[in-house]
1. Based on the Cβ-Cβ distance of Gln706 and Trp111, what FRET efficiency does E = 1/(1 + (r/R0)^6) give at R0 = 25 Å, to the nearest 0.05?
2. Suppose each label sits 7 Å from its Cα in the direction of the beta carbon; what would the Trp54-Asn238 distance come out to in nanometres?
3. Local charge sum around Ile149 (other residues, Cβ-Cβ under 11 Å, Lys/Arg +1, Asp/Glu -1)?
4. Computed FRET efficiency, Cβ-Cβ of Arg427 and Ala342, R0 56 Å: what is it to the nearest 0.05?
5. Say each of Thr756 and Glu247 gets a label point 7 Å from the Cα, pointing the same way as Cα to Cβ; how far apart are those two points in nm?
6. Report, for the chain, the % of DSSP beta bridges that are antiparallel, rounded to 5.
7. Tell me, what is the FRET efficiency for Lys274 and Leu674 to the nearest 0.05, using R0 = 22 angstrom and their Cβ-Cβ distance as r?
8. Go through segment 744-756 residue by residue and turn each phi into a ³J(HN,Hα) via Karplus (6.51, -1.76, 1.60, θ = phi - 60°); whole Hz please, and just put x for glycine and proline.
Amino acid sequence: LNSILSPALGTTTVQSNTKKEIDFLAVLETSRDSRYGETGWIVQLWYQESGGTWQSVDFSPADSLKSKVLSISTPPNIIRTQYSLRLACQNTNPIQFTLRLKSTLEDHAPWIWSKEQNGLGDGRVIFLDPSGGLPGFESLFDSPDPNLIARCAKSQVPEVDIFDVSAPALPITNGSSRTALGVPVGLELYYALVKLSSPWMGPRQGSSHFTIDLDGLLVGFLRSDGRHVAVLGVSGINDCTTYVGSEAGKVLLITRNDSGNSQHHRAIIATGWKYQTTVNAAFYRARELLRSLTPQSSAIKNPAPTPSWYETWYDGLAYCTWNGLGRELSEERILSALQDLADNGIYVTSLIIDDNWQSLRDGNRWDRFEANSNFPRGLGHTTSEIRRRFQNIRHIAVWHSLFGYWDGIAPGGWIDANYKCINVRWRKGRDIYVVDASDVSRMYNDFYSFLSKNGIDSIKCDAQYGIDDFDDATVRRSLGPAYQEAFKINSLKYFSRRVIYSMAHVPYIFFRALLPHDAARVLLRNSDDFYPDVPSSHVWHVFANSMNNIYSSNLNCLPDWDMFQSALPTYAGFHAAARCISGGPIYITDNPGNHNVNLIKQVGAYSPEGYTVVLRPSCLALPTDPFVSYNSNRLLKVGSFSGGRGGSSILAAFNVSESQNSELLLMDDFPGLLPGHNYIIRAHTSGEVTAATPGIGSLMPIILPQHGWEIFTAAPVVEIEPPKSTGHFTFGVLGIISVISGVSAIVQQSVNTETTHIAVTVSLKALGTLGFYISDLASKDIIKFLVTIAGIVVPFHTVRKSSQSNTVLEIDLETAWKELNLTAGWSNETIIGLYMK
């Protein structure tokens with residue numbers, strides 16, 4: 001027995017104040033062998049209006065003919081029964097509620113409360129109140145510090161208001177100064193992205209009383225009037241770093257001032273009606289502020305060169321050596337691992353040679369540019385051999401630390417002899433030997449020139465958080481900017497910014513290196529590492545990356561959710577689905593001989609050029625609700641979009657709790673859908689489809705087991721009336737349905753009904769199983785269909801009706817391509833034609 005309620009329990013739902021009624025829908029899930037079946041339940045809403053007494057009201061069985069519940073992903077052993085209730089509200093005060101039910105088949109049966117059943121606390125409905133007009137800063141925070149100055153600023157986002165906030169910040173040796181914004185007014189829920197450790201940020205969520213345990217980078221609130229507020233600490237101006245903190249319910253600004261003289265706490269406060277547009281507006285303003293108060297980077301003065309084949313850096317499947325090959329790295333092991341991938345039909349386009357290729361002294365200190373003795377003929381020979389044997393590999397990256405290696409430069413080594421090096425203190429008194437600020441640009445130029453000449457065309461630069469770890473402010477002030485500028489300029493010069501920023505969640509790097517749009521887009525490791533042998537890390541990894549995208553999606557980067565292993569027990573599909581919707585790159589780090597080829601084929605599609613293309617959505621993934629807590633018995637829902645206006649929406653649901661969970665998904669959870677337009681929704685794992693129209697309150701029940709996930713694609717459909725026919729049918733293109741994010745394979749599509757045949761043309765990025773939705777496919781004879789690929793008719797056996805849905809036509813394009821012995825032309829797109837009488 002399980003119950004699901006909409007509006008949802010365990011959270012706050014915002015409703016328009018023009019509607020004085022709340023429509024509740026309860027869905028009861030019982031097993032088919034249950035003696036209770038579809039009847040025999042009393043279902044009640046137990047609720048309280050603000051300041052009133054608790055009371056109950058009964059649900060009524062819902063009219064199945066008028067149901068807004070879409071049938072998809074229903075387990076075969078489950079019966080779903082719907083109950084509805086329209087609750088009239090006397091005013092627009094918040095409503096608090098829960099659900100209870102009891103059997104009518106037993107005398108004196110006890111009430112079963114939802115909290116006891118599924119661990120969810122009460123739900124709340126608050127009413128949107130846009131009548132207040134432009135909010136003053138004093139309406140957002142109570143009791144701010146008197147020295148705080150808040151000025152209205154121009155917002156680039158409609159319906160979002162902006163305040164620039166500042167207060168004096170004194171230089172404090174080995175410390176920070178504080179000022180208080182005050183207590184958030186009408187706080188309902190909050191989220192924060194905080195510094196979990198020196199290299200990484202991660203999420204926090206809460207309600208009612210604001211408190212965070214670590215330094216915050218970004219904080220967001222939902223107020224009781226439905227308004228969102230975002231607080232973004234601003235760093236990188238005049239050697240100041242500002243975090244957001246808490247104390248006794250107040251929001252603090254905490255600033256480390258390294259300048260040696262009086263400066264300012266700085267923050268951007270944004271307020272609007274949607275969480276993400278509010279956050280976006282804050283970042284737009286921060287970018288403007290930074291541009292006006294800081295000198296231009298050399299990258300702006302010397303514009304970036306046009307990147308060569310830049311798209312392929314993150315559009316192809318990559319292999320990273322870190323977890324797969326570990327510390328025992330050598331040329332022989334790399335070549336053997338790549339051969340193993342090829343033998344299994346896995347054709348990656350990029351290789352990342354991770355840690356352990358460099359020449360070191362004293363354990364963790366860098367000695368010289370050339371690779372170590374495990375690469376006996378040098379790095380150049382290794383890269384040449386890789387490209388000779390594996391022509392699918394287009395890019396080879398190497399790893400290095402920002403300071404060369406984890407503990408800097410080896411005294412007495414080759415680099416020490418050729419560049420000016422100094423000893424400084426970091427991490428509370430430890431010594432580190434590094435290239436001096438005056439010579440670091442020359443060192444990076446020479447190092448990257450060496451790498452480029454030896455076949456390297458991309459970089460993973462790790463441990464960048466080290467610029468924040470120096471003990472002395474003068475050292476931070478000198479080395480941090482010098483190293484970041486050297487890395488940025490020389491990566492532009494030699495690699496067209498094909499770089500991965502790793503362990504780089506540092507405010508200075510975010511604001512000075514990644515916020516400006518002054519160079520090509522880079523990759524940014526978005527969270528702590530993938531740890532294959534730590535079971536508790538996997539679900540958290542996906543949760544943290546999804547929430548961190550709220551911040552990183554506003555930077556000039558693609559968030560990189562890190563590598564994963566395709567054969568990982570239990571969690572491989574969970575990780576794969578997350579990478580597919582992320583919008584970022586996808587790497588595998590499989591151990592040789594240990595692959596889940598079927599899963600890899602769901603991550604990427606075969607290209608006519610002979611390599612694997614990852615089908616990235618057009619937009620970066622964002623959580624639909626930033627207030628969902630980890631392990632809160634609520635599903636993590638992450639949305640993305642593919643194509644332009646009128647394109648397809650993608651919604652992922654992940655169970656981030658320790659037990660089975662159910663939820664009613666809203667059509668509003670799908671980003672980018674056009675109101676009044678028709679869509680078909682397909683579940684990837686089951687292949688089930690259902691028709692839907694946004695804006696009419698449709699709901700979709702979903703059950704996910706522990707570690708469970710599902711990806712739903714909402715593709716637009718059109719009504720087709722064939723010439724000289726009295727009937728009509730609905731048609732849509734689902735993309736490469738063999739791939740998790742397969743709708744992102746679609747480049748263009750068109751339907752022509754002006755001839756005696758219905759002609760459909762689709763341009764695709766890659767091959768796989770192409771899916772077409774045809775509402776009356778069950779009554780059609782596919783022998784009357786004609787399908788072409790690159791203008792050639794495909795073999796008939798590659799066209800079939802789906803075994804998962806009687807409304808989906810499948811075409812096996814990869815088999816057709818190979819059997820027809822087709823070869824790629826000048827374009828990397830493939831044109832498919834479908835002709836129906």
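1. Values: r = 27 Å, r/R0 = 1.08.
Approximately 0.40, to the nearest 0.05.
2. 5.4 nm
3. Values: positive: Arg151, Arg266; negative: Asp145, Asp164.
Around Ile149, the surrounding residues sum to 0.
4. Values: r = 43 Å, r/R0 = 0.77.
That pair, Arg427 with Ala342, gives E of 0.85.
5. So the two model labels end up 8.4 nm from each other.
6. On the way: 177 of 209 bridges.
Here the share of antiparallel DSSP bridges comes out near 85 percent.
7. Numbers: r = 17 Å, r/R0 = 0.78.
Plugging the Cβ-Cβ distance into 1/(1 + (r/R0)^6) gives 0.80.
8. Karplus values, whole Hz, x for Gly and Pro: 6, 6, 6, 9, 8, 8, 8, 10, 10, 10, 8, 10, 5.
None of the figures in this text is laboratory data; all of them are computed from the coordinates on show. What you see is a predicted model, and the numbers here were worked out from it, not measured in a lab. Here the Cβ is made from the backbone with ideal geometry for all residues, glycine too, and neighbour counts use every protein chain on show.
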